Amino acid sequence: MTDDKDVLRDVWFGRIPTCFTLYQDEITEREAEPYYLLLPRISYLTLVTDKVKKHFQKVMRQEEVSEIWFEYEGTPLKWHYPIGLLFDLHASNTALPWSITVHFKNFPEKDLLHCHSKDVIEAHFMACIKEADALKHKSQVINEMQKKDHKQLWMGLQNDKFEQFWAINRKLMEYPPEDNGFRYIPFRIYQATTERPFIQKLFRPIASGGQLHTLEDLLKDVCPSAITPEDGEQKTQVMIHGIEPMLETPIQWLSEHMSYPDNFLHISIIPRPTD
């Protein structure tokens, strides 16, 4: 992969200032103070909120505490989506800090997966990496790794260790020089205005004529409404990691540098602010 290490670092160390408040109907023994945290964009809510959980449990009776879950303006937040994706999709044009509501009761079974332990997060994370490598290298790279390499990827994410993670992950970002890129690009496109979870299909980084496909080529193929407005006025934004990449950016470069640790490009299509 081309080594733009500063980009990799900027992506890894992206943070979202967040204010957690307890849902007003939760029964407490004394007033629950809000809890402030800088959330890592690349991680998962259930992986980085142990302190939040402990903070609010202090003011609650034990019998009132069941599985914790999070909500933003009435929308339950899917813990298996990376935090940065959740913010881009639901809150990217709002004032900071991001205001998240904490619940300990009435778990929304229809909207959220249960997450009873860190093992569940690890299993989800590794399944995504394996799926991404199936697309990129027919699973050859991930299958040639040892179990300790898989563990190092997970521990790097869990402990927020950039060097530890990338020592292994760079192997997943390489390809034979004669190929000029991956077999297919692992990506998912999410639209704030639809109920559909996400769009995912096979897309090659290199056109049949040898030229590099761009982000614009991907969107034209998979989600044309995102870039070709009906009345000439652009009503949407295309967000990755909180920024709007230029549409002419090669999709191969984005895949190498702007993917989340799960090796997927998570692309949000959101309404453009009107003000």
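Could we say that GLU195 is modelled with pLDDT under 90, open to solvent by 40 Å² or more (accessible area, probe 1.4 Å), assigned by the TED database to the domain that holds LEU265 and within 20 Å of the chain's Cα centre (by Cα) here? Spelling it out, GLU195 is indeed modelled with pLDDT under 90, open to solvent by 40 Å² or more (accessible area, probe 1.4 Å), assigned by the TED database to the domain that holds LEU265 and within 20 Å of the chain's Cα centre (by Cα).
You will find that of HIS80, HIS55, the residue that is closer than 21 Å to TYR260 by Cα, of a type outside the set (Gly, Ala, Ser) and open to solvent by 20 Å² or more (accessible area, probe 1.4 Å) is HIS80 and no other.
Looking at LYS110, is it open to solvent by 20 Å² or more (accessible area, probe 1.4 Å), touching a residue at least 40 places away in the same chain (Cβ under 8 Å) and assigned to a loop (DSSP other than H, G, I, E, B)? When the stated conditions are applied, LYS110 does not pass them. A count restricted to region 159-190 and to residues that are of a type outside the set (Phe, Trp, Tyr) and under 16 Å from ARG9 (Cα atoms) stands at 10. For region 14-37, does any single residue satisfy the condition of being closer than 30 Å to LEU265 by Cβ, open to solvent by 60 Å² or more (accessible area, probe 1.4 Å), of a type in the set (S, T, N, Q) and under 23 Å from the mean Cα position of the chain (by Cα)? Among the residues of region 14-37, not one is closer than 30 Å to LEU265 by Cβ, open to solvent by 60 Å² or more (accessible area, probe 1.4 Å), of a type in the set (S, T, N, Q) and under 23 Å from the mean Cα position of the chain (by Cα), which makes the answer no. Hey, could you check region 88-98 for residues that are open to solvent by 20 Å² or more (accessible area, probe 1.4 Å) and within 18 Å of the chain's Cα centre (by Cα) and say which is nearest to THR21 (Cα to Cα)? Among those residues, the one meeting the criterion is HIS90. Filtered by the rule that a residue be in a loop (DSSP other than H, G, I, E, B), of a type in the set (S, T, N, Q) and more than 15 Å from CYS19 (Cα to Cα), region 47-87 gives a lone residue, SER66. On the basis of being assigned to a loop (DSSP other than H, G, I, E, B), open to solvent by 10 Å² or more (accessible area, probe 1.4 Å) and either closer than 23 Å to ASN169 by Cα or of a type in the set (Val, Ile, Thr) (or both), does TYR184 make the cut? Criteria met by TYR184. Of the residues screened, ASP50 is not one that is open to solvent by 40 Å² or more (accessible area, probe 1.4 Å), of a type outside the set (A, V, I, L, M), over 20 Å from HIS103 (Cα atoms) and at pLDDT below 90. When restricted to residues that are in a helix (DSSP H, G or I), within 14 Å of SER259 (Cα to Cα) and open to solvent by less than 50 Å² (accessible area, probe 1.4 Å), region 163-181 contains 4. One residue stands out in region 234-262 among those that are among the charged types (D, E, K, R) and not in a helix (DSSP H, G or I): the one that is least open to solvent (accessible area, probe 1.4 Å), namely ASP262.
The values are calculated or read from the model by the stated rules, or taken from the named source; none is laboratory data. Just so it is clear, the structure is predicted and the values come from calculations on it, not from any experiment. Don't worry about glycine lacking a Cβ; one is built from the backbone with ideal geometry, like all the others, and counts go over all protein chains shown. For the accessible areas, the whole protein counts, side chains as well, though only heavy atoms, and no ligand, DNA or RNA atoms are used. Shrake-Rupley method; radii C 1.70, N 1.55, O 1.52, S 1.80 Å.
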